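The values are calculated or read from the model by the stated rules, or taken from the named source; none is laboratory data. Computed from a predicted model, the values in this text were never measured in an experiment. FYI the Cβ positions are ideal-geometry reconstructions off the backbone, even for glycines, and counts take in every protein chain you see.
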Amino acid sequence: MKNIVLLGATGSIGDSCLNVIRQNKKHFHLFGIGLGGNLDKAQQIAKEFCPEHIFVAESRINQSHDLLQSHSSILSTEDELQSLIQDPSVDIVISAISGFAGLKASYFAVDAGKTILIANKESIVAAGDILMPLAESKNSEIIPVDSEHNAIHQCFPRPRDLKEISKIMITASGGPFREKTFQDLNSVTLSDALNHPTWNMGPKITIDSATLANKCLELIEAHYLFQIPESQIEIVVHPQSIIHSMVTFIDGSTIAQMSNPNMEVPIANALGLDHRLPINFEAINFPGLNLSFEPISEGREVIFDMAREVCNKKGNLGVIFNASNEIAVDAFIGSKINFVDIYQVIQRTFDHFSCSKVSTLDDIFEYDKQARIQAEKVIKSLN
C-alpha cells in the first residue's frame, strides 16, 4: 500500500488522479491532499478517501466552511505543506498544481528524495537547472504525468541509453486554431480559444494549447527530463491525439505510445511505477483508425525559437519565458489584451532580459518577479 499526497486535488488533473486511485484502492491510500480554494469539492474528496491531512491555501483558511471545522488536520502554512510532503509515511507526491505556483511543492518533494509524479511542467521549465541536479543527488525519481512526456517515458529503453536515441517527437493536437492563419488569429475570442477540439482541461492550459505555448513548455521540459538536446526534439501536429509521443532510434525504428485521449492512462502508468494498473478505459479500436500528421502552423515559429533558446542557454530564461506567458494568458482571460498579443507580450518580455545563471530557488523567484513586472509593462504599452 503506497501513501500518496495529491496536490491540486480539486483541479482537472486531480480528478483524473482520484479516479485512478478509486479504481486501485488496494494499492494506494490518499494520505493528504492540497487545494487552492474549492472547499466544497475538497469536502467530497475527504468524505470518500479520508485523507489524514488537508492543505488549504492560506488565503482561504479563514473562510467559514464545514470542512475547516470538521477535519482534524487542516494545514495552511508553507512549513506545514513542507512537513506534509516530506512526511516519512509518504511514498508518492503528485504535483498537479497549475503554473509556477507549484514550484515550491515540487522542490520540497525532490529535496526529500520522494518519488514525484509531476504534471506541473512549469516547475521543470522555470527551475530545471536546480531541480534536476537536486533529484540526482537526493535519489528522487521524477516521473512525468502529462500525456506527452509520460509517452516518452514509456517508449524509452530501460535502462535509459541516450546513445540509442535519434530523436523524440512530441505530438500536438494543434488546438482550436490549427487550420487558421496567423492573420486569422486577430479576430478570435476567449470563447474560441477555450473550445479545445480534443481535451477537457483548465483554462490556462487550454489557452496555452491554442497559442502552442504549451508545446514550447513541453519541449523545454523534455530537454530537462530526458537530458536530450533540443535539436533532437521535434514537435509534430497530430489532430487525433492518439499518438502522444514517439521515440526514433539510431537504427531508424520508431516506438510510439498510443491511447485514446484521456489523462487517466498516463497517470495510471506513472502511479504503477512501470507496472500496469487496471483502469476502466476503452482501448483503441484500430479498424477504421485514421491518423494524420502536419507541421506546426505558419507564423508560430518565433515562440518555438524562444523555447529552443531556453534549452540551449538555460539559466534564468526558462522562468522568464514561463512568467511572461502566465501574465499574458491572465491578461487575455481578463480581456486586457487580444489573443495575438500573447505572443508579443512573451517575446518583448523575453527579449528584455539577458541570460544569467541561477543557483538557488531565491534566484528563480526573483527573476519570476522581474519578468512579471516587465510583462505587465508590455501589456500597458499595448493599450
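Name the residue, out of Arg308, Arg348, that is charged (D, E, K, R), assigned to a helix (DSSP H, G or I), in contact (Cβ under 8 Å) with a residue 60 or more places away in the chain and touching a helix residue (DSSP H, G or I) at 6+ places or on another chain (Cβ under 8 Å).
Exactly one residue qualifies, and that residue is Arg308.
With respect to Asp66, is the statement that it is in contact (Cβ under 8 Å) with a residue 40 or more places away in the chain and over 16 Å from the mean Cα position of the chain (by Cα) true?
no
Condition test on Phe339, is it within 21 Å of the chain's Cα centre (by Cα) and either farther than 23 Å from Leu190 by Cα or not assigned by TED's automatic domain parsing to the domain that holds Leu194 (or both)?
no
Within the bounds of region 147-164, is there any residue that is assigned to a helix (DSSP H, G or I) and on the phi > 0 side of the Ramachandran plot?
No: region 147-164 contains no residue that is assigned to a helix (DSSP H, G or I) and on the phi > 0 side of the Ramachandran plot.
Consider Val302 against the criteria (1) modelled with pLDDT of 95 or more; (2) within 28 Å of Leu185 (Cα to Cα): it satisfies all of them except one. Which criterion is unmet?
Tallying (1) modelled with pLDDT of 95 or more; (2) within 28 Å of Leu185 (Cα to Cα), Val302 fails exactly one: (1).
Checking the condition within 29 Å of Ala126 (Cα to Cα) and not basic (Lys, Arg), which residue from Asp66, Asp40, Asp79 passes?
Of Asp66, Asp40, Asp79, the one residue that is within 29 Å of Ala126 (Cα to Cα) and not basic (Lys, Arg) is Asp79.
Please indicate, with yes or no, whether at least one residue in region 34-43 is surrounded by fewer than 22 Cβ atoms within 10 Å (Cβ to Cβ) and either assigned by TED's automatic domain parsing to the domain that holds Leu361 or modelled with pLDDT of 95 or more (or both).
The answer is no, given that none of the residues of region 34-43 is surrounded by fewer than 22 Cβ atoms within 10 Å (Cβ to Cβ) and either assigned by TED's automatic domain parsing to the domain that holds Leu361 or modelled with pLDDT of 95 or more (or both).
Looking only at residues that are in a loop (DSSP other than H, G, I, E, B) and without any contact (Cβ under 8 Å) to a residue 60 or more places away in the chain in region 97-119, which one is surrounded by the most Cβ atoms within 10 Å (Cβ to Cβ)?
Per the criteria, the residue is Lys114.
For region 290-311, indicate whether the set of residues that are out of contact with any Cys (no Cβ under 6 Å at 6 or more places or on another chain) and closer than 23 Å to Leu117 by Cβ is non-empty.
Among the residues of region 290-311, not one is out of contact with any Cys (no Cβ under 6 Å at 6 or more places or on another chain) and closer than 23 Å to Leu117 by Cβ, which makes the answer no.
Each row is one residue, and each column tells you yes or no for (1) farther than 29 Å from Ala331 by Cα; (2) at pLDDT 90 or above; (3) surrounded by 18 or more Cβ atoms within 10 Å (Cβ to Cβ); (4) among the hydroxyl-bearing types (Ser, Thr, Tyr).
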{"site": "Asn139", "(1), (2), (3), (4)": "yes, yes, no, no"}
{"site": "Val145", "(1), (2), (3), (4)": "no, yes, yes, no"}
{"site": "Arg178", "(1), (2), (3), (4)": "no, no, no, no"}
{"site": "Thr181", "(1), (2), (3), (4)": "no, no, no, yes"}
{"site": "Ser209", "(1), (2), (3), (4)": "no, no, yes, yes"}
{"site": "Tyr224", "(1), (2), (3), (4)": "no, yes, yes, yes"}
{"site": "Ile228", "(1), (2), (3), (4)": "yes, yes, yes, no"}
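For region 185-205, how many residues meet the condition of being in a helix (DSSP H, G or I) and either assigned by TED's automatic domain parsing to the domain that holds Lys121 or surrounded by fewer than 17 Cβ atoms within 10 Å (Cβ to Cβ) (or both)?
Result for region 185-205: 6.
Which is within 23 Å of Met201 (Cβ to Cβ) and either among the hydroxyl-bearing types (Ser, Thr, Tyr) or not in a helix (DSSP H, G or I) (or both), of Glu218, Glu282, Glu326?
Being within 23 Å of Met201 (Cβ to Cβ) and either among the hydroxyl-bearing types (Ser, Thr, Tyr) or not in a helix (DSSP H, G or I) (or both) holds for just one of Glu218, Glu282, Glu326, which is Glu282.
Out of the residues in region 330-345 that are assigned to a helix (DSSP H, G or I) and in contact with a Ser or Thr (Cβ under 8 Å, 6 or more places away or on another chain), state the one that is farthest from Lys215 (Cα to Cα).
Val345
When residues of region 62-96 are filtered for being crowded, with 21+ Cβ neighbours inside 10 Å and among the small types (Gly, Ala, Ser), how many remain?
Summing the residues that are crowded, with 21+ Cβ neighbours inside 10 Å and among the small types (Gly, Ala, Ser) in region 62-96 gives 2.
Does at least one position in region 120-142 carry a residue that is out of contact with any Asp or Glu (no Cβ under 6 Å at 6 or more places or on another chain) and assigned to a strand (DSSP E or B)?
Checked against the condition, which is being out of contact with any Asp or Glu (no Cβ under 6 Å at 6 or more places or on another chain) and assigned to a strand (DSSP E or B), region 120-142 yields at least one hit.
In the list Ala112, Ala96, which residue meets the criterion of being touching a helix residue (DSSP H, G or I) at 6+ places or on another chain (Cβ under 7 Å) and closer than 19 Å to Asp79 by Cβ?
Result of the check over Ala112, Ala96: Ala112.
So Gln374 ticks every box in (1) under 16 Å from Lys204 (Cβ atoms); (2) over 21 Å from the mean Cα position of the chain (by Cα) but one. Which box is left unticked?
Failing condition for Gln374: (1).
Which residue out of Ala256, Ala283, Ala331, Ala307 is farther than 21 Å from Pro229 by Cα and either in contact with a strand residue (DSSP E or B) (Cβ under 8 Å, 6 or more places away or on another chain) or crowded, with 19+ Cβ neighbours inside 10 Å (or both)?
Sole residue among the options that is farther than 21 Å from Pro229 by Cα and either in contact with a strand residue (DSSP E or B) (Cβ under 8 Å, 6 or more places away or on another chain) or crowded, with 19+ Cβ neighbours inside 10 Å (or both): Ala331.
Looking at this structure, is Phe182 touching a residue at least 24 places away in the same chain (Cβ under 8 Å) and either within 23 Å of Asn325 (Cα to Cα) or in the same structural domain as Val20 (by TED's automatic domain parsing) (or both)?
The answer is yes for Phe182.
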